Every structure is written in C-alpha cells, then in structure tokens.
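**Student:** Dumping the structure here so I can ask a few things about it.
Any read-out appearing in this document is the output of simple, stated calculations on the displayed coordinates, not a laboratory observation. Bear in mind that the values here come from a model prediction, so they are computed numbers and not experimental data. Glycine also receives a Cβ, built like all others from the backbone with ideal geometry; neighbour counts cover every protein chain displayed.
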Amino acid sequence: MAVFAADKARPIAHVTESTATATPENSTNIVGLPPTQAPMPDSQTAAHAKPPSMGRQAIEGQPTIVNTTLLPGDLAAINPSKMNPVADLEMAAMLGDPKAQIQLAVKYAHAEGVPRDQHKANQLFCRAAKYGHGEGLFNLGWVYANGRGVPRDDGVAAVLFRMAAERGHAHASKLLNVVHEKADVSLPACLLPDALPMAKLPPAPPMADDMADSQIPMAPKEIAQLVQRLAPLFEIDSNLALALISVESAFNPMALSHAKAQGLMQLIPETAERFGVKRPFNPDENVKGGLAYLRWLLAYFQGDVTLVLAAYNAGEGAVEKYRGIPPYAETRDYIKKITGMYRRLTHPYNPGVVKPSPVIDLMKRM
C-alpha cells in the first residue's frame, strides 16, 4: 500500500473579465485573499455567493484552486514562531509536492508575500498538473482560458478541464459547457514527458526483458488496456504497474485492506488525497494516482525498483530509516512476489520530479 502525509485545503481568488487577456506586467487587478484582498465590483462579490453562470464569465469570475499549509519532512520540527511560510512552500514544492506547488503558484500570481511573477506561477501550476493532480490541471486550464502569461487558447483549456474533470474536479466539469474541445490540440510543452536517463544502478539479469513480460498474471482486458494507456503518460513501464496491481489487489477495483488501502493500486486515504484521487474505487482515477506515486518514488530512489517497491509497501520513511529494504517480512515477501514477475532491477526515471533521497548517496558508499 502507498503511504503519504495528508493535507488540508483552502480556496483562492477571483479574477475579473478585464483580466482575461492581461499579461504579468499589466495584471494589476488580480484579486488576492484577505488580508490583502482588493475591493471587488458587485459582479465579483456575487460570484462568491452563488455558482457562476454558464457563460464566459464562469471562467473569469471563478474561484480556482485549493491551497494547503505543508510541513514536509523535518519542517514539522521547526519552531513555528521562526517559520517562513514562503520558504516552507518553496521547499515542499522543490520536493515535488503538487499541493505546495499550487499554493506557491497562487502566491506568485497574486503577489502574496512575493513579487508577482506569472511565468513562475504557470511553471508551478504545470509541475502540479504533470503529476496528474486535478487542481493543477484545472488551474493550468484556467491560465489558458484567460490568457494569463500565455496566449489565450480555449482548445487547450478544454483539454485540461476535461483531464481535471476525469479526476473528480466538479467545477472543471461545469466549465466544459463554456469552452469546447477542438481536434488536434497539443498539450502544453511542460506536460510532455522529458527525456529519461536510465538509472545508473546494477544491470538487470540476463534475459530479464523476455522473462518479465511473460511472468505477469493475465489481467482482465479492461484493466490491462487501462494500465497500458495510462502508464506512458506517467513514464511508467506498464508491466511494472500490472505486476504491482496483481499483488496489491489481484486486479479487483473494489479491494479494501484492513489498513483502508483502496482500489486497484491500494491507495490509503492520505496517498489518495496527496495525488488528487477523490474516487479511489474508480479504476481510472485510482490507477492515475498510483502511477503518479510510482513516478515520484522512481525519481526519489533513482530508478532502483526494489527500493521503490519497498517504499510503496512500507513507506519511503522506512526505506530511509533502514537505508535499504526494511526488515519486515510482509515487505520482503511483497518485493519477492513482484520482482519474480518484473525482473528488471532498474527503471527509467525523471530527475526533474523530485530531488533524490539522501540515503541514495549513503548507500552507494556502503
């Protein structure tokens, strides 16, 4: 099962019609939050009190994303009186937390404690969206729908709203009635997969490629097709994902463990929230959340498949504590089952997702 810390959320600001095509340089009327909230015209005040009408103003006068205050890792031990909220968010965003990336993006877009920088805000929204995070996708769609630091493009906005809606984002679904999808729309370049370096770890055993593909149990056709369609979007080998699902849930979308791990990839509630999964028993949403977590773990442990599997089962904290596979019988048996099917010892990873775990260097010296 996947383990991660849970977060809480708050909404952010509204934007007027006049800001729809504003650039970062002339966007002086972006409305922030209390205590820095600027006066709003009556139409914006009404937007706070009732759902937006299903017209163009539904996009421009719309509350956008959720925010959260995060205390990643050892930040929780810092004396609260000495904490710097922006610095803490910068650290969490750098560590790959999509909610921190979204909250920090809001601050740069609205000049909340930092200089206004729409370009940086858009980069942070895109990093969160690249995880498949619903709020990140929604906000990036909002950026394109309103031309905030990018050319206004309803086609791109519609695709991003659709992706957010598929992850359970309710307002994204409503905005699909306002902007319409177009044929042959390309995703923003920042969402496309990066060129992946191979992990510089011991090579896989001889004939591993041939053996790995043939050892995975037969998945139901619908689940196999789902995984094969989604895995490349998260830069994950579909065979690794299928092997993991076979052990986690035996391909049962309604699986529920004693630890409350749910669905095909057995996401516990904290991990589901972490990666924007609102309906863990929905196969599409569950697999996207599990793949996003796998992608993060692969970057964190530099493509070492056994460490990634250990962390997926026992948590990355346990892997770091023991500087390797934890001495838990369940975790060791879990790894043995999956690596018996997926026999590659390494997997390509994207180093831009998150900085590697400090224990990687320590293990290399052992």
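**Student:** Can you give the FRET efficiency to the nearest 0.05 for Lys355 and Leu256, using r as the Cβ-Cβ distance and R₀ = 25 Å?
**Tutor:** 0.15
**Student:** Let me ask you something else. For the pair Met363/Ala170, report the inter-label distance in nm, with labels modelled 7 Å from Cα in the Cβ direction.
**Tutor:** 4.2 nm
**Student:** Under the Karplus relation 6.51 cos²θ - 1.76 cosθ + 1.60, θ = phi - 60°, what is the ordered set of whole-Hz ³J(HN,Hα) values for the range 234-244, x standing for Gly and Pro?
**Tutor:** The phi angles translate into 9, 6, 10, 5, 4, 5, 5, 4, 5, 5, 5 Hz.
**Student:** Sticking with this structure for a sec: By per-residue mean of other Cβ atoms within 10 Å, what is the highest-first order of 252-260, 311-319, 144-152?
**Tutor:** Values: 252-260: 13.2, 311-319: 22.3, 144-152: 18.9.
Packing proxy ranking, top to bottom: 311-319, 144-152, 252-260.
**Student:** Counting other beta carbons within 10 Å of each residue's own, what order do Arg116, Arg127, Arg229 fall into, fewest first? Please list the in-between numbers first.
**Tutor:** Details: Arg116 17, Arg127 24, Arg229 12.
Neighbour counts put them in this order, fewest first: Arg229, Arg116, Arg127.
**Student:** Would you grab the residues whose amide H sits under 5 Å from the one on Leu267? Only those 5+ places off in sequence or on another chain, please, with H modelled 1.01 Å from N.
**Tutor:** Gln262
**Student:** Over the range 208-365, how many pairs of lysines fall under 18 Å by alpha carbon, counting only those 8 or more apart in sequence or from different chains?
**Tutor:** The number of close lysine pairs in the range 208-365 is 6.
**Student:** Here is a follow-up. For Cα pairs less than 8 Å apart in space and 6+ apart in sequence, what is the mean separation divided by the residue count of the range 227-304, i.e. the relative contact order in percent?
**Tutor:** In percent, rounded to a whole number, it is 24.
**Student:** On full extension of the chain, what length is gained from Glu222 through Ala111, given 0.36 nm per residue of separation minus the C-alpha to C-alpha distance?
**Tutor:** 35.3 nm
**Student:** Okay, moving on. How many angstrom separate the Cα center of the range 118-161 from the Cα center of the range 221-269?
**Tutor:** So the separation of the two Cα centres works out to 28 Å.
**Student:** What ranking do Glu135, Glu330 get, fewest neighbouring Cβ atoms within 10 angstrom at the top? Mind showing how you got there, number by number?
**Tutor:** Details: Glu135 26, Glu330 10.
Sorted ascending by nearby Cβ count, the order is Glu330, Glu135.
**Student:** Applying a 10 Å radius around every beta-carbon, put 296-305, 348-357, 100-109 in order of their mean neighbour count, most first.
**Tutor:** With the highest mean Cβ count within 10 Å placed first, the list reads 100-109, 296-305, 348-357.
**Student:** Give the shape of the range 208-365 as rounded, prolate or oblate, defined through the alpha-carbon gyration tensor: a ≥ b ≥ c are the square roots of its eigenvalues, a/c under 1.5 means rounded, and otherwise the shape is prolate if a/b is larger than b/c and oblate if not.
**Tutor:** Details: a/c = 1.45, a/b = 1.28, b/c = 1.13.
Since a/c stays below 1.5, the shape of the range 208-365 is classed as rounded.
**Student:** As a footprinting exposure proxy, order Phe138, Phe275, Phe234 by other Cβ within 10 Å, with the fewest listed first.
**Tutor:** The fewest-first ordering by Cβ neighbours comes to Phe234, Phe275, Phe138.
**Student:** In nm, what is the difference between 0.36 nm times the number of residues separating Asn177 and Lys321 and their Cα-Cα distance?
**Tutor:** 46.9 nm
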